[in-house]
1. Show the residue pairs that are 6+ apart or on different chains and have beta-carbon atoms under 7 Å apart, the first residue being within the range A:1-25 and under 15 Å from A:A123 (Cα atoms) and within 14 Å of chain B (Cβ to nearest Cβ), the second being open to solvent by 50 Å² or more (accessible area, probe 1.4 Å) and not in a loop (DSSP other than H, G, I, E, B).
2. As an exercise: evaluate B:L87 against (1) more than 14 Å from chain A (Cβ to nearest Cβ); (2) touching a Pro at 6+ places or on another chain (Cβ under 8 Å) and give the number of the one condition it does not meet.
3. Being farther than 19 Å from A:F83 by Cβ and touching a helix residue (DSSP H, G or I) at 6+ places or on another chain (Cβ under 9 Å) is true for just one of A:S158, A:S129, A:S212. Which residue is that?
4. How many residues does the range B:92-149 hold that are part of a helix (DSSP H, G or I), open to solvent by less than 10 Å² (accessible area, probe 1.4 Å) and either of a type in the set (F, W, Y) or more than 11 Å from chain A (Cβ to nearest Cβ) (or both)?
5. Tell me whether the range B:209-225 contains one or more residues that are more than 11 Å from chain A (Cβ to nearest Cβ) and either more than 26 Å from A:I99 (Cα to Cα) or not in a loop (DSSP other than H, G, I, E, B) (or both).
6. Taking only the range B:3-54 into account, find how many residues are assigned to a loop (DSSP other than H, G, I, E, B) and surrounded by 14 or more Cβ atoms within 10 Å (Cβ to Cβ).
7. Can you give me the number of residues within the range B:177-208 that are over 18 Å from A:T102 (Cβ atoms) and either open to solvent by 40 Å² or more (accessible area, probe 1.4 Å) or within 9 Å of another protein chain (Cβ to nearest Cβ) (or both)?
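The values are calculated or read from the model by the stated rules, or taken from the named source; none is laboratory data. None of these values were measured; they are calculated from a predicted model. Quick reminder, even Gly has a Cβ in these numbers, built from the backbone with ideal geometry, and neighbours come from all protein chains shown. SASA here: full protein model, heavy atoms, side chains in, ligands and nucleic acids out. Shrake-Rupley method; radii C 1.70, N 1.55, O 1.52, S 1.80 Å.
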Number of protein chains: 2
Amino acid sequence: VIVYGRNAVREALRGRRAASAGEILAIDSLAREPWLRDHRVRVATAEVIERACGSREHQGICVEVAGYPYVSPGELLAAKTPFIVALDEVQDPQNLGAIARTAECVGASGVVICERRAAAVTAAVCRSSAGAVEHLRIARAGNLADFLLQAREAGCWSYGAAISEQAVDYTTPDYRGGVVVVFGAEGRGLRRRVAECCDQLVAMPLRGRIGSLNVNAAAGALLYEVLHRRAALDSAP
Amino acid sequence: VIVYGRNAVREALRGRRAASAGEILAIDSLAREPWLRDHRVRVATAEVIERACGSREHQGICVEVAGYPYVSPGELLAAKTPFIVALDEVQDPQNLGAIARTAECVGASGVVICERRAAAVTAAVCRSSAGAVEHLRIARAGNLADFLLQAREAGCWSYGAAISEQAVDYTTPDYRGGVVVVFGAEGRGLRRRVAECCDQLVAMPLRGRIGSLNVNAAAGALLYEVLHRRAALDSAP
């Protein structure tokens, strides 16, 4: 597959599929940058690069690499104390990319996405994640509710972000031990069975007149709260 | 100006410029929805709506309203204990919209944007904010660094989100009193003089290999931390 965009290509060249990288196509001004020094680069026009990657969003660079190396959901659960982000049918590649980037930044063990009716890790997602997907483990679940039950078996506690009567404030749990944090698609939220398979629903306070946050902002707020609380537990005597 | 998109139109009809709304153009299936019952609606085809608003992102509805009612930066500083979000040359309408939505959700007193080299509150911003801009006070500053000095005069403390040696962890300050939280443009961060005019730089921890969060996620994390800490202070004895 072709990965394009400056950050996406840079991370692909130092991530899990770096060994599979072929020749890089880059516009003249980029081709001479130091970070490309040890790679095979062919100078090309923007038009040639656009044709090669099928997108205008290439920022003057693209490279062919192996298909995205998904892991199995079970592998994510095998971490010592898992911190997993699960996405329930998130279909917008921009949202998937942005949340993957945040997940990578908080040091999550990985991300679980749905196999069907959901964005996969396409070149557009690589780009909108700023290349974070190259360093992150992403698994596809055939049935997300079943994955949450499997996570419970493995000793994890699942927290679903939801606007619901049953939800507690997102700062209430201490997020200790293995955790799965579940986000629904923008506008639609968690599907009913997925919400039912969460051990706890959590909500962000809303102090204005708008009824919901966008999912990227919610992920930023909630995942950083989880990181902060877990770090506090780690450093406690 | 024309506002388009389902949420953007709905909030425009109940926000600060509601009184200026003209006839609504909507596709047949939307036109009969209950929230439009008390408004003048003309049924139109998607093509007519696209021509009226000049965008494909209309979701079947648009309305003409008065130009965006900016306030002055001084008005924002006149709040009892201001909680202001300032954006340093954020040029992407999607980012401006998303951050405005988060600012509205945390109950910020308002947002300050730059007059030049920055996105203004266009129809695209209304849409990407899900209409939050209709309920939010937004001011334009000719010089953002000068605004921060003016805010200091008014007793506010400015926190700049930055990846910098001088930055403290974002959970360190208690964010009491009047605060301005400043974000830079994605990829470029705060300009030097703007950073110098902040009283404190704050940073999000980064536990992965990617060097920065996207600005929407950073705003979600930081603005919710500010809300949480201020709420804790308010409820303290």
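1. A:G5/A:R127; A:A8/A:R127; A:R10/A:W35
2. Of (1) more than 14 Å from chain A (Cβ to nearest Cβ); (2) touching a Pro at 6+ places or on another chain (Cβ under 8 Å), only one is false for B:L87: (2).
3. On inspection, the qualifying residue turns out to be A:S212.
4. Of the residues in the range B:92-149, 7 are part of a helix (DSSP H, G or I), open to solvent by less than 10 Å² (accessible area, probe 1.4 Å) and either of a type in the set (F, W, Y) or more than 11 Å from chain A (Cβ to nearest Cβ) (or both).
5. no
6. 9
7. Going through the range B:177-208 one residue at a time, the tally reaches 7.
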